[in-house]
Every structure is written in C-alpha cells, then in structure tokens.
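Down below is the structure, laid out as structure tokens.
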Amino acid sequence: MTTLTTPLPRAAALRDDPVAQATLLLRIAFTVAPILFGLDKFANVLTDDWTRYLAPAFNDIIPGSAADAMHIVGVVEILAGLVVAVAPRYGALLVAGWLGGIIVNLLIVGGYGDIALRDFGLLLGALTLARLAGAVPERHERR
C-alpha cells in the first residue's frame, strides 16, 4: 500500500533493521537541517551575510534585494524540511533538487567549491533517502 505520507517505522523494526535505522536517521537529518538553515536566513546566526552566497545572475532575476531573495530561499528550505518530515520519498527529491540549484549557484559565484562539494555529498544523501523511503514501508508490510 502506497500513500503520500510515510509513518515512522515500528520500534521492533528500528531495533532489528539497519535499513529502517538508516532511513530514519536520514529523514531526521533532512528534516532538521533545511528547517534550521531556512530559519537562519532570517536570524543570521550561522553567518552574518547570506547574500554573499547568492550569484548575481540569480539575484538579477529574483524580485527585490539580495536579502529578500535569501528570505525566499529560507521559506523554501523550511517548506522542504517539512515535506521531508511528512513525505520523505518526495521531500528528499525536493531537497536534492534544491541542493542541485545551490551547487550551481555556488559554482557561478566562485570561491565556494568546497561548499559545493559538501552540498554534492548532501545531494547524494537526499537521493539515498528518497530511494530508501520508497522501500522501507514495503519491507515492513511483507513481514
């Protein structure tokens, strides 16, 4: 049975199934991280200037100032984290696509190749969650 939302695995599955454990860890990570990064676009705790990461080419097509653009980015990141929490299979694909956009943006800005490479690793993790989230409920229905 496939539904849009994905319930958390049962305690027994979490104790005994490393795939369920890995899926839950990735689900937590890709829920919490985007929400926290999104909130920080408003709070500026992690960095004092998020706008330095925005490529001028993107800033030119996004309405408003660079700060406004980063607030839009923050809202999207918060929403992406919430989608992962409720529907990890689809939310993880949303996060992976978003990370792909961030990587392109960072490469255009230049000087942030290290962060782009880190985000590529996160993108692979998000794709892994999307794959696992589609398989884990099926594994437990068969048991």
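Here, each number is a calculation from the coordinates, and none is a lab measurement. All of these numbers come straight from a predicted model, not from anything done at the bench. For neighbour counting, all protein chains shown are included, and Cβ atoms are generated from backbone atoms with ideal geometry for every residue, glycine included.
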Going residue by residue through region 114-119, the Karplus relation 6.51 cos²θ - 1.76 cosθ + 1.60 with θ = phi - 60° gives ³J(HN,Hα) values, rounded to whole Hz and with x marking Gly or Pro, of 5, 6, 4, 5, 4, 5
Note to self, the chain gives a 222 nm [θ] from helices alone (DSSP H runs n ≥ 4, -39500 (n - 2.57) apiece, / all residues, nearest 500) of -26500 deg cm²/dmol
In nm, the gap between the two label points placed 7 Å beyond Cα toward Cβ at Arg15 and Leu46 is 3.6 nm
Expressed in nanometres to one decimal, the distance between label points 7 Å along Cα→Cβ at Thr128 and His71 is 3.7 nm
Nearest 10, in degrees from 0 to 90: the angle of helix 66-86 to the longest Cα principal axis of the chain is 0 degrees
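By how many nm would the segment from Leu107 to Val86 lengthen if fully extended, with 0.36 nm per residue of separation less the alpha-carbon distance?
Details: separation 21, 0.36 × 21 = 7.56 nm, distance 3.14 nm.
4.4 nm is the gain from fully extending Leu107 to Val86.
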